[in-house]
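Take a look at the structure below.
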Amino acid sequence: MKVLLIEDEIPAIEKVTHFLAKYDPESKLLGVAKSIAEAVPLLNEWGPQVDVLLMDVHLEDGLSFQALDRVGFFKPVIFITAHSQYALEAFKANGIDYLVKPFSYAAFAASLDKFRQLRDVPSPLNPKVWAQLAKPAYKERFMVKIGEHIHSVAANAVRAFFAEGRNTYLIREDGRKLITDYKMETLEEVLNPEIFFRVNRSHMINLDAIKDVLVYSNSRLKINPNFPYSEEIIVSRERVNGFKDWLDGERKTE
């Protein structure tokens, strides 16, 4: 398997290189580019030979889609990024998967498995198959520390996240609050937006954790959770419409 990597973060380059060697010791990384300026000649030189392209969305000099547009690259692309809002653009740019940072080896291997499955499927693909292959990989578990013990909490088992001061906590079904290393802004990127919604600056709620919703003052909404929690969870006025769409099963791409 011949691979090109376009990524501007050294830790990410090292991680992908390590994961690639672990997944397929016979794979060949033909080249690495850290910017659009470097990516264009790299794609022109190796594009006809490469099997799959691994590419970050945000590069130091712009969005990587620009490099693909300049060279007319038509091979499968696996996008690796912290910005989940570009999934639609990635799909249009031959994206077969969308890994959201930080990602595990299991998620990385699953993406390459998808590539191999795609390679063996007669072309053109059914649009439904493309849609399945292009689904983003969201974070599934969180590591937390309780005393001297380390535990793993499934993302779906988290009822809500809330920020207090400089810390961010996850809340389990029993109402226990556990500190996590993730900030609210990062959680918005790595969690499945069909399951979690950020209702205000301090709270993000799991759809399954909502008992009911009440009309509140100043065009806001109040959430009654189905887990023990002493503070009010208010949907801020500017997020009410998006929250209603989310409850109704609609999610608009930004």
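Counting only DSSP H runs of at least 4 residues, each contributing -39500 (n - 2.57), and dividing by the residue count of the chain, the helix-based mean residue ellipticity at 222 nm comes to -8500 deg cm²/dmol. Given a cut-off of 19 Å, name the pairs among 177/244; 2/75; 101/244; 139/244; 2/114 whose C-alpha atoms lie farther apart than that in the structure shown. The pairs that break the limit, which is 19 Å between Cα atoms, are 177/244; 101/244; 139/244.
Considering only 196, 103, 142, the mean-square fluctuation computed in a Gaussian network model of the chain, springs between alpha carbons under 10 angstrom, is largest for 142. Only Lys, Arg, Asp and Glu carry charge here, each on its Cβ (+1 for the first two, -1 for the last two); on that basis the chain has a dipole of about 540 debye about its Cα centre. Pick from 234, 146, 223: which residue has the top mean-square fluctuation in a GNM of the chain where Cα pairs under 10 Å get a spring? Looking only at 234, 146, 223, the biggest GNM fluctuation is shown by 146. Estimated at 0.36 nm per residue, the fully extended path between residue 212 and residue 117 surpasses their Cα-Cα distance by 29.9 nm. In this structure, residue 18 and residue 181 have a Cβ-Cβ separation that, at R0 = 22 Å, corresponds to a calculated FRET efficiency of about 0.55.
Helices in the chain that qualify as membrane-span-like (whole DSSP H runs, Cα extent of at least 30 Å along the helix axis, mean Kyte-Doolittle hydropathy of 0.0 or higher) do not occur.
For the chain, what relative contact order do you get, as a whole percent, if you take Cα pairs closer than 8 Å and at least 6 residues apart? Normalised by residue count, the contact order of the chain is 11 percent. Taking label positions 7 Å along the Cα-Cβ direction at both residue 169 and residue 154, the computed distance is 2.4 nm, reported to one decimal. The label-point distance for residue 143 and residue 66, in a model that sets each label 7 Å from Cα toward Cβ, rounds to 3.6 nm.
Taking mean projected area of the Cα convex hull in nm² as calculated from this structure, the corresponding entry among [x] 12.8; [y] 16.8; [z] 15.9 is [z].
Restricting to the chain, compute how many DSSP beta bridges are antiparallel as a %, nearest 5. Each step should come with its number before you reach the end.
On the way: 31 of 50 bridges.
If we restrict to bridges inside the chain, about 60 percent are antiparallel.
Bear in mind that the values in this text are calculations on the coordinates, not laboratory data. Given the structure is predicted, the values throughout are model-derived calculations rather than measurements. We place every Cβ from the backbone using ideal geometry, glycine too, and count neighbours over all the protein chains shown.
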